[in-house]
Amino acid sequence: MEINRGDVFYVNRSETIGSEQRSGRPAIIVSNPECNEHSPVVEVVYLTCQYKKPMPTHVRIESIGRRSTALCEQITSVDVSRLGDYKGHLTEKEMEQVDVALMQSLGIHPLTQQAKVEPVGPSVDDAALAMIALRFLEGFLQKRCGVEISGSICSGLLGQKQR
């Protein structure tokens, strides 16, 4: 069975405790496509047709034929064997709203322009050690092996200008 993010399936019943949403209701697949393809479980957000107070983690869903609310504060892992009838697929706008509600529920904030991840590169210490090693090698080749080097290895490899 092909399972895509944003699909809505009926999830067959299982036992619940306390305020957990009882299965035996439709749920949105929210796990990523790679996991959906290879894992025996998927992450879902249950839908309810009952009125729920407005919350940042509640999303109105209308694309599956019945007005529902996605309860994004209750993310649940479900064995794929419990997935029943396919009910439909969310619109792109609905899925974007679900994503925002999931981030709100999990306390994940989108990165701003200022919050960029710096690429990992050699530290100043690594560059200094490399320079020392290259200068040593250059001197060794000239003195011990009689090899004349046109230009400087250090300058050529590290992109520095000759003095």
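The values are calculated or read from the model by the stated rules, or taken from the named source; none is laboratory data. Just so it is clear, the structure is predicted and the values come from calculations on it, not from any experiment. Please note: Cβ atoms are built from the backbone with ideal geometry, for glycine as well, and neighbour counts cover all protein chains shown.
Which one is modelled with the highest pLDDT, of the residues in the stretch 1-53 that are of a type in the set (Lys, Arg) and more than 18 Å from the chain's Cα centre (by Cα)?
The initial filter retains those residues of the stretch 1-53 that are of a type in the set (Lys, Arg), namely 5, 13, 22, 25, 52-53.
From the residues that got through so far, the ones that are more than 18 Å from the chain's Cα centre (by Cα) too are 13, 22, 25, 52-53.
Numbers: Arg13: 74, Arg22: 61, Arg25: 90, Lys52: 84, Lys53: 85.
Top of the filtered list is Arg25.
Name the strands (runs of 3 or more DSSP E) wholly inside the stretch 20-67 in which the number of residues that are farther than 14 Å from Ala101 by Cα is 2 or more.
On the way: elements: 25-29, 41-48, 58-61.
Qualifying strands (runs of 3 or more DSSP E): 25-29, 41-48.
Quick one: which of Arg135, Arg67, Arg82, Arg144 is at pLDDT 75 or above and either among the hydroxyl-bearing types (Ser, Thr, Tyr) or exposed (fewer than 14 other Cβ atoms within 10 Å of the Cβ) (or both)?
Numbers: Arg135 fails: at pLDDT 75 or above; Arg82 fails: either among the hydroxyl-bearing types (Ser, Thr, Tyr) or exposed (fewer than 14 other Cβ atoms within 10 Å of the Cβ) (or both); Arg144 fails: at pLDDT 75 or above.
Every option except Arg67 fails the conditions.
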Can you confirm whether the stretch 74-91 contains a residue that is under 25 Å from the mean Cα position of the chain (by Cα) and part of a loop (DSSP other than H, G, I, E, B)? yes
